[in-house]
Amino acid sequence: MLLMSVWSCFFGQDEEDGTETGEGDEWMQGKTLIKPLDQLDLTEAELKEEFTRILTANNPHAPQNIVRYSFKERSYKPISSVDQLAVHFVLEGNLLHQDSDEARRQRAKQGDVEEGGGEERADSVESKAGKKEQKITNQFNFSERASQTLNNPLRERGCQTEPPPRANFSATANQWEIYDVYLEVLQKQEKNKEKAKAVPKKDDDKGKKKMMLVETQSDDITKVAKVAKIIERMVNQNTFDDIAQDFKYFEDASDEYREQEGTLLPLWKFQYDKAKRLSVTALCWNESYKDLFAVGLGSYDFTKQGRGMLVFYSLKNSTFPEYIYPTTSGILCLDIHKHLPYLVAVGFYDGCVAVYNLKEETLQPIYKSTAKSGKHTDPVWQVKWQKDDMDNNHNFFSVSSDGRVVSWTLVKNELVFTDIIKLIIEIFDNVCRPAACGTSFDFHKQIDYLFLVGTEEGKIHKCSKAYSSQFLETYNAHNMAVDAVKWNHFHTKVFISCSSDWTVKIWDHTIKTPMFTFDLNASVGDVAWSPYSSTVFAAVTTDGKVHTFDLSINKYEAICQQPVVAKKKTKLTHIEFNPVYPIIIVGDDRGYVTSLKLSPNLRKKPKEKKGQELPKGPEVEIAKMEKLLSLLREPENSNA
Amino acid sequence: VCEREIMTCCFPPQHTDMPEEMRVETMELCVTACEKFATNNEVAAKMIKESMDKKFGSSWHVVIGEGFGFEVTHEVKNLLYMFFGGSLAVCVWKCS
């Protein structure tokens with residue numbers, strides 16, 4: 001019904017409106033009225049009927065007669081007023097009054113969540129809310145226990161490892177490269193096969209290499225040594241320049257004014273620090289190296305026997321010896337081999353003999369005699385090299401106070417001795433006292449087997465190597481020990497001897513009495529013939545003088561008597577002429593060796609007659625000597 | 001000189017800075033892989049790379065081929081460049 005009424009109102013308004021607006025009418029006239037399908041078909045009379053509606057506040061749906069039971073009256077009674085409220089629409093809202101409980105609760109929750117910065121009001125509200133929100137504990141039976149475990153302090157650690165090293169590499173992989181490499185490898189393989197065959201050779205090479213290294217090392221040292229030596233000699237030459245000049249060129253001009261006498265010009269003085277307390281006991285010039293000479297050092301004093309030394313000097317270096325060999329026992333004699341300038345035979349005070357090889361680096365002798373190998377029991381006073389024997393072994397002779405003359409042969413590594421002769425003293429009743437002490441000997445220059453031995457008793461024996469028990473001849477030479485016996489270099493028959501009985505005697509070995517006798521007023525230590533003249537000889541005495549004689553000039557006196565050493569107490573012990581140069585070396589008992597130059601007068605050679613050929617040296621000398629001797633002999637013969 | 005000889009007698013490592021043991025192992029591995037996968041370089045390289053990674057640590061790189069040029073940065077003592085079979089070149093290096 002409502003539906004219809006609304007609809008009809010609508011229509012009514014439209015019709016009224018249509019009359020007012022002509023445009024609407026036109027719009028409306030276009031349409032035809034559409035009737036809904038369920039609309040009531042009413043007649044027009046019914047349509048014009050008016051109905052009256054009254055709008056009241058009554059809810060049409062509300063019941064008009066509600067009856068409730070009343071317990072008081074125990075009957076149903078109708079309610080007078082019925083609720084006419086019609087709820088058309090309900091929407092539950094979510095707004096709360098701000099003072100309500102719910103609101104407060106909400107605000108408390110919000111206060112916990114929100115942080116700081118709010119209105120004061122909000123804060124206070126929140127704190128209140130917070131307090132109120134604390135856990136409500138059991139007031140009667142609740143105790144709170146709390147503890148805090150130890151929290152380890154936290155530490156930060158950092159570490160950086162090094163990245164693995166990187167490198168770049170590039171190459172090309174081509175067919176031809178690969179092929180090339182393969183070929184190379186093949187070739188190498190072939191070479192290796194060849195090398196494998198020659199492996200044993202490798203070891204030798206290594207050995208050689210080592211040798212080379214060692215040699216080069218030593219070469220360096222030796223090179224420096226050589227240079228140092230040369231420089232040393234240069235320095236010495238410069239230092240002793242005047243002496244060197246004298247040695248070579250100085251000729252004493254004053255000799256022209258002295259008829260017969262000559263002088264000795266002192267040249268170098270050789271001394272070695274470590275040999276100061278020793279006396280020179282032996283001197284020997286080297287035949288091959290004319291400036292080299294050997295000095296044997298020891299002691300003549302029986303009570304002062306100690307060590308000894310073998311020292312080699314060169315004229316080119318007077319400050320320091322070329323070779324030094326210290327020995328345990330004092331040296332009494334030495335001899336340098338004529339042809340092998342590096343072989344030196346040495347006789348010791350303790351009776352040993354030894355052979356040194358100068359070429360070797362060691363300071364030890366290459367051979368040494370021992371008690372087993374027949375060393376002498378007494379000091380060895382003289383050693384002399386001989387010619388090589390039939391087996392081409394070197395050999396030398398030695399004479400000693402024990403009365404034996406021994407020949408030593410160097411056989412491979414040993415020293416083989418052979419007693420040649422034993423010196424025996426004969427007494428008138430034919431009781432032979434054994435072992436006379438030999439103090440010197442000398443071998444004949446030409447006659448090999450013939451040699452002379454001087455003894456402590458003052459006798460000189462002429463012996464032969466062949467006869468071991470007998471002497472060929474005995475000369476009663478001196479009253480005291482014979483210190484030196486020397487054959488003349490030129491005349492085959494003449495020899496000279498000197499002794500501590502102050503005399504020097506010259507003999508012809510065929511005659512038992514001396515040809516010449518010279519008294520030198522002091523014990524004569526040594527005597528030596530000069531190599532350039534058969535009539536010149538020199539002798540040294542314990543008073544420090546050198547006496548030089550030339551028999552062709554003066555048969556009775558020395559043509560030169562010269563003290564050679566500074567201190568008067570120094571005794572001269574040995575003298576030797578240099579085979580080539582006109583100098584002599586003199587050794588004394590303080591270990592010094594002095595070299596002296598012979599002035600021209602001392603070296604006189606016979607005057608050549610004009611027009612005559614120059615005769616050969618030795619023959620002249622021999623002739624000279626012969627002349628002298630013949631002069632002597634004739635009166636002797638006549639006397640005898 | 002027969003190629004077979006070359007192939008059978010030796011596989012010279014053209015360039016390597018590996019320690020002896022490692023080198024020998026790696027070379028053997030390469031030879032095995034190349035022989036096994038003669039036709040397929042990729043698979044051979046894969047096999048080598050994986051084995052190397054397992055044995056010697058990560059990040060190995062392997063190149064197998066007949067004609068190539070290369071420039072690589074490698075960790076020191078971890079490079080092997082060798083030839084195989086007369087025509088193949090193998091390059092193995094480590095770089096993480």
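Going 7 Å from the Cα of residue B:38 along its beta-carbon direction, which residues of segment B:78-92 have the amide nitrogen within less than 19 Å of the resulting point?
Residues passing the 19 Å test: B:83-90.
Along each of the three principal axes of the Cα atoms of segment A:254-604, give the extent in whole Å, ordering the values from largest to smallest.
Rounded to whole Å, the extents work out to 60, 52, 40 Å.
Tell me the total accessible area that A and B bury against each other, 1.4 angstrom probe, in square angstrom rounded to 100. Could the numbers behind the result be given before it?
Working: alone 44210 and 5980 Å², together 47910 Å².
That pair hides around 2300 Å² of surface in total.
With every protein chain kept in the model, how would you rank A:526, B:17 by accessible area, 1.4 Å probe, largest at the top? Could you put the intermediate results ahead of the total?
Values: A:526 5, B:17 45 Å².
These residues rank, largest area first, as B:17, A:526.
Run the quick spin-label model on residue A:338 and residue A:112: label points 7 Å from Cα toward the beta carbon, then report their separation in nm to one decimal.
The modelled label-to-label distance comes out at 14.0 nm.
Would you please give the FRET efficiency between residue B:31 and residue A:197, computed as 1/(1 + (r/R0)^6) with r the Cβ-Cβ distance and R0 = 35 Å, to the nearest 0.05?
On the way: r = 31 Å, r/R0 = 0.88.
That pair, residue B:31 with residue A:197, gives E of 0.70.
Summarise the partner chain shielding of A:176-182 as one whole number: the mean count of Cβ atoms from other chains within 10 Å of each residue's Cβ. Don't skip to the answer; put the middle values down first.
Details: counts 1, 4, 11, 5, 0, 7, 12.
The mean count of partner-chain Cβ atoms within 10 Å per residue comes to 6.
Just going by the charge dipole of segment B:3-94, with Lys and Arg at +1 and Asp and Glu at -1 on Cβ, which of B:38, B:83, B:52 is farthest out on the positive end?
Checking the options against the dipole of segment B:3-94, the answer is B:52.
Quick one: length gained pulling residue A:162 to residue A:569 fully straight, 0.36 nm per residue minus the C-alpha distance?
Values: separation 407, 0.36 × 407 = 146.52 nm, distance 9.07 nm.
Gain in length upon complete extension: 137.4 nm.
What's the extension gain from residue A:324 to residue A:70 if we count 0.36 nm per residue and subtract their Cα-Cα distance? Don't skip to the answer; put the middle values down first.
Values: separation 254, 0.36 × 254 = 91.44 nm, distance 16.73 nm.
Stretched out fully, the residue A:324 to residue A:70 stretch lengthens by 74.7 nm.
Any of A:462/A:505; A:276/A:316; A:486/A:604; A:493/A:597; A:338/A:422 with alpha carbons more than 25 Å apart? Name them for me.
Details: A:462/A:505 16 Å; A:276/A:316 21 Å; A:486/A:604 21 Å; A:493/A:597 29 Å; A:338/A:422 27 Å.
From the list (A:462/A:505; A:276/A:316; A:486/A:604; A:493/A:597; A:338/A:422), the Cα-Cα distance tops 25 Å for A:493/A:597; A:338/A:422.
Please state the relative contact order of segment B:3-94 as a whole percent: Cα pairs under 8 Å, 6+ residues apart?
Values: 122 pairs, mean separation 34.3, N = 92.
Relative contact order of segment B:3-94: 37 percent.
Under a point spin-label approximation (7 Å from Cα along Cα-to-Cβ), what is the residue A:62-residue A:393 distance to one decimal in nm?
17.5 nm
In peptide A:187-193, what is the residue-averaged number of other protein chain Cβ atoms found within 10 Å of each Cβ? If you can, show how the numbers build up before the last one.
Details: counts 1, 2, 3, 0, 0, 0, 0.
For this peptide, the per-residue mean of nearby foreign Cβ atoms is 1.
Using a Förster distance of 60 angstrom, determine the FRET efficiency expected from the C-beta separation of residue A:170 and residue A:149, and round it to 0.05. Mind showing how you got there, number by number?
Values: r = 62 Å, r/R0 = 1.03.
Once the sixth-power term is evaluated, E becomes 0.45.
Do any trypsin sites (Lys or Arg not before Pro) in segment A:26-103 lie in a DSSP loop with no more than 16 other beta carbon atoms within 10 Å, and if so, which? Provide the component values of the computation, followed by the final result.
Values: sites: A:31, A:48, A:53, A:68, A:72, A:74; in loops: A:31, A:53, A:72, A:74.
Loop-located and lightly packed - A:31, A:53, A:72, A:74.
If each residue of separation counts as 0.36 nm, what is the full-extension length gain between residue A:543 and residue A:467 once their alpha-carbon separation is subtracted?
Numbers: separation 76, 0.36 × 76 = 27.36 nm, distance 3.98 nm.
Value of the extension gain: 23.4 nm.
In what sequence, largest accessible area first, do A:631, A:154 appear using a 1.4 Å probe? Please list the in-between numbers first.
Working: A:631 100, A:154 170 Å².
Sorted by accessible area, descending: A:154, A:631.
Any idea of the accessible area per residue across segment B:3-94, 1.4 Å probe, to the nearest Å²?
Values: 4640 Å² over 92 residues.
Accessible area per residue: 50 Å².
Could you work out, for segment B:3-94, what percent of all Cα-Cα pairs fall into each 5 Å distance bin, beginning at 0 Å and stopping at the bin that holds the largest distance?
That works out to 3, 14, 28, 27, 19, 7, 2, 0, in percent per bin.
Tell me the accessible surface of residue B:60 in square angstrom (1.4 angstrom probe, heavy atoms of protein chains only), to the nearest ten.
Ignoring ligands and nucleic acids, residue B:60 comes out at about 0 Å².
Within segment A:306-350, name every residue whose backbone N is under 13 Å away from a label modeled 7 Å from Cα of residue A:239 along the Cβ vector.
A:316-321
The values are calculated or read from the model by the stated rules, or taken from the named source; none is laboratory data. Keep in mind that what you see is a predicted model, and the values were worked out from it rather than measured. A quick note on method: Cβ atoms are made from the backbone with ideal geometry, for glycine too, and the neighbour counts reach across all protein chains shown. The accessibility values were calculated without ligands, DNA or RNA, using every heavy atom of the protein model including side chains. Shrake-Rupley method; radii C 1.70, N 1.55, O 1.52, S 1.80 Å.
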